[in-house]
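In what follows, a structure is listed as C-alpha cells, so that the remarks can point back to it.
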Amino acid sequence: MRYTDIAIIGGGLAGSTAAAMLGRAGIPAILIDPHDTYPADFRVEKLSGGVQLERFLRTGIAESVLRRATFTGENWIARFGRLLDKAPSRQFNILYDSLVNAIRDEIPEDVTRVWAKAVSVATGPERQQIVLSSGETISARLVVLANGLNVGLRHQLGIERRIISACHSISVGFDVAPAGRNSFDFPALTYFSERPGDRIPYISLFPIGPRMRANLFVYRSFDDPWLGELRRAPAATLDAALPRLKRITGAFDIQGEMKIRPVDLYENDARHQPGVVLVGDAFATSCPVAGTGCDKVFTDVERLCNVYIPHWLASDGMEADKIAAFYADPVKRACDEWSAAKAFDFRAVSTATSPYWTAQRWARFLAWSAQGLLRPLGGAFDLEPNLLGHSSSSSSSSSSSRSSSSSSSLSSSA
Ligand SMILES: Cc1cc2nc3c(=O)[nH]c(=O)nc-3n(C[C@H](O)[C@H](O)[C@H](O)COP(=O)(O)OP(=O)(O)OC[C@H]3O[C@@H](n4cnc5c(N)ncnc54)[C@H](O)[C@@H]3O)c2cc1C
C-alpha cells in the first residue's frame, strides 16, 4: 500500500493541472491515469480570451504550456458571406493531447505518477482507499476525482448525476486546406450561422502549426440524419448549410478524419461525500459552443489547490462539511453559473425564432458590423467578452501578431 496526502484520479486537463500545482506547493500527491502519454482526443483545441487566459495564468503553469501553442492575434468575424470585423484576439491553438501532455511536463518529479486505472474507491472522514487495475492499493487523506466523463467510480460512490440538457450540442472537428493555393487569407475566422433553421451557431477556423483546424458546432440530436450526411458527403453538406462561407474562405478541401462529439450538460452532487472532491468535467460539463469548459477546469483547480487543500490538510479529518466549502466557493459558483447561462443563451440566440431572440441576433450582427466599421478609425468598442467563444481583448493587432509562435504574445499578455 502506498500512502499520500492527495490521490488525484484522472490525468486530463484538470487532474494534470492539479498535480502540477500541488507538486509545486510541496504537497504530497499521487496522479493516477491509465495512459503515461495522453492520447489523441477531440476536446478543446484553443484557449482564448482575456478571462480564460487570466484563469489559466492563476494556476502558475500557463506560460510555459502556452508557448507550445500556435498564437493568433487577429480573428475575422463573418456572417451572411460578409466580413464584419477583423478583431484583435489572443487565441492559443493547441490539440488537446498536446495541451495535456505539456501540462504533465510541468508536474514536479516528486509527484508520483501511477499509470493504471482506479477500479474502486472507498471513502470516509479520515482516509480513503483506492484499488488500481494493477492490484496496487493507495491510501490518501483526500481523493481528487478528475476522471472526466467516466461515470463508473461516481456510481460506486453513490454520487448523483443531474442531467441539465441531454445532447445540448454536437461538436465536429476536422482539418481544412485551401484549394488551388498555398494559404488562407484570414489568420483565424469565426463564421456565424446564416439561418436559425440550420441549427449551427458558428464554425471556427484556426491554425495549429501548419494545419488549419475547423470546429463546427450544431444543435441537433445525435441520431439526426444530417450528421450521417455530413460524414458521407462533408463538403456538400457543409456547403448547403453555410452556402456563403466560401466567399470569405475561398475554396477549400476537407482533410482527414471528421470527429463528431455530442455533449450532455450535467452536474454531480457530491456535497455529502467525505474524503472526495470532484473537479472539471467530473463535477459538471459545459457546452463547447460557449467555450467555457477550461474556465471551469482552471477555476476549480485553482481554488482547490491554492485555497482549500492547504486549509483542509492543516486540520485532522476530511469530513463532508469541510469539502462542501469548495462547492460553495463564490468564485467557483459564479464561474459555473456563468458557464451554464452561456450554454443556453448561445443556443437560443442561434436557433430561437421568437421576436426577442430574432432581435438579439440582429442586434449582435449590427454591433459586429459597427465594431468592424469603427475599428480602422480607432474607435472600435469591445463586444461582450466571450460572446464569440473568445474575448476581443484590448491587445493591439498588427500583421506580425496575426499568427505566430506564442512567445512574444505571452510576454505581453502575462
Ligand atoms: C468536442 C469538445 C470541444 C470542446 N471545446 C472547448 C472549447 O473550445 N473551450 C473550452 O473551454 N472547453 C471546451 N471543451 C471542454 C473541455 O475540453 C473539457 O471541459 C476539459 O477537457 C475537461 O477536462 P477534465 O480533465 O475534466 O477531463 P478529461 O480531460 O476527460 O480527463 C479525464 C481523465 O481521467 C482519466 N480517467 C478516467 N477514468 C479513470 C479511472 N478510472 N482511473 C484513472 N483515470 C481515469 C482519463 O484517462 C483522462 O485522462 C470541449 C469539450 C469537447 C468534448
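Conditions tested, residue by residue: (1) closer than 22 Å to residue 285 by Cβ; (2) of a type in the set (Gly, Ala, Ser); (3) in contact with a Phe, Trp or Tyr (Cβ under 8 Å, 6 or more places away or on another chain); (4) in a strand (DSSP E or B).
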residue	(1), (2), (3), (4)
15	yes, yes, no, no
23	no, yes, no, no
26	no, yes, no, no
72	no, no, yes, yes
85	no, no, yes, yes
102	no, yes, no, no
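Taking the listed residues 151, 143, the one that is surrounded by fewer than 18 Cβ atoms within 10 Å (Cβ to Cβ), within 18 Å of residue 282 (Cβ to Cβ) and among the β-branched types (Val, Ile, Thr) is 151, with no other qualifying. Any residue at all in the range 167-186 that is part of a loop (DSSP other than H, G, I, E, B), within 13 Å of the ligand (Cβ to nearest atom) and in contact with a helix residue (DSSP H, G or I) (Cβ under 9 Å, 6 or more places away or on another chain)? Within the range 167-186, not a single residue is part of a loop (DSSP other than H, G, I, E, B), within 13 Å of the ligand (Cβ to nearest atom) and in contact with a helix residue (DSSP H, G or I) (Cβ under 9 Å, 6 or more places away or on another chain). When the range 24-37 is filtered for residues that are surrounded by fewer than 21 Cβ atoms within 10 Å (Cβ to Cβ), among the small types (Gly, Ala, Ser) and out of contact with any Cys (no Cβ under 9 Å at 6 or more places or on another chain), only 26 remains.
Entry remark, the range 31-64: residues being part of a helix (DSSP H, G or I) and either closer than 30 Å to residue 373 by Cα or within 14 Å of the ligand (Cβ to nearest atom) (or both) number 8 in total. Taking (1) of a type in the set (A, V, I, L, M); (2) assigned to a loop (DSSP other than H, G, I, E, B); (3) closer than 16 Å to residue 41 by Cβ in turn, residue 260 satisfies each apart from (2). Is one or more of the residues making up the range 114-121 part of a loop (DSSP other than H, G, I, E, B) and either within 30 Å of residue 75 (Cα to Cα) or out of contact with any Pro (no Cβ under 6 Å at 6 or more places or on another chain) (or both)? Within the range 114-121 (the criterion being part of a loop (DSSP other than H, G, I, E, B) and either within 30 Å of residue 75 (Cα to Cα) or out of contact with any Pro (no Cβ under 6 Å at 6 or more places or on another chain) (or both)), the answer is yes, since at least one residue qualifies. Does any residue of the range 247-257 turn out to be under 25 Å from the mean Cα position of the chain (by Cα), among the acidic types (Asp, Glu) and exposed (fewer than 15 other Cβ atoms within 10 Å of the Cβ)? Yes.
I'd like to know if the range 23-30 contains one or more residues that are at pLDDT below 95 and more than 9 Å from the ligand (Cβ to nearest atom).
Checking the range 23-30: not a single residue is at pLDDT below 95 and more than 9 Å from the ligand (Cβ to nearest atom).
Among residues of the range 54-80 that are farther than 13 Å from residue 13 by Cβ, those with a beta-carbon under 8 Å from a residue that is part of a helix (DSSP H, G or I) and of a type in the set (Val, Ile, Thr) at least six positions away or on a different chain give the pairs 76/248; 78/248. Restricting attention to the range 101-156, the residues being in contact (Cβ under 8 Å) with a residue 12 or more places away in the chain, within 21 Å of residue 324 (Cβ to Cβ) and more than 12 Å from the ligand (Cβ to nearest atom) number 9. Only residues that are more than 14 Å from residue 144 (Cβ to Cβ), more than 8 Å from the ligand (Cβ to nearest atom) and buried (at least 24 other Cβ atoms within 10 Å of the Cβ) were counted across the range 267-289, and they come to 2. Looking only at residues that are polar (S, T, N, Q) and closer than 23 Å to residue 287 by Cβ in the range 38-67, which one is surrounded by the fewest Cβ atoms within 10 Å (Cβ to Cβ)? Result: 59. Out of all the residues in the range 317-332, which are touching a residue at least 60 places away in the same chain (Cβ under 8 Å) and either more than 23 Å from residue 139 (Cβ to Cβ) or surrounded by fewer than 17 Cβ atoms within 10 Å (Cβ to Cβ) (or both)? Within the range 317-332, 317, 319, 320 meet the criteria.
The values are calculated or read from the model by the stated rules, or taken from the named source; none is laboratory data. Values in this document were obtained by computation on a predicted structure and should not be read as measured data. So basically every Cβ, Gly included, is an ideal-geometry build from the backbone, and we count neighbours across all protein chains shown.
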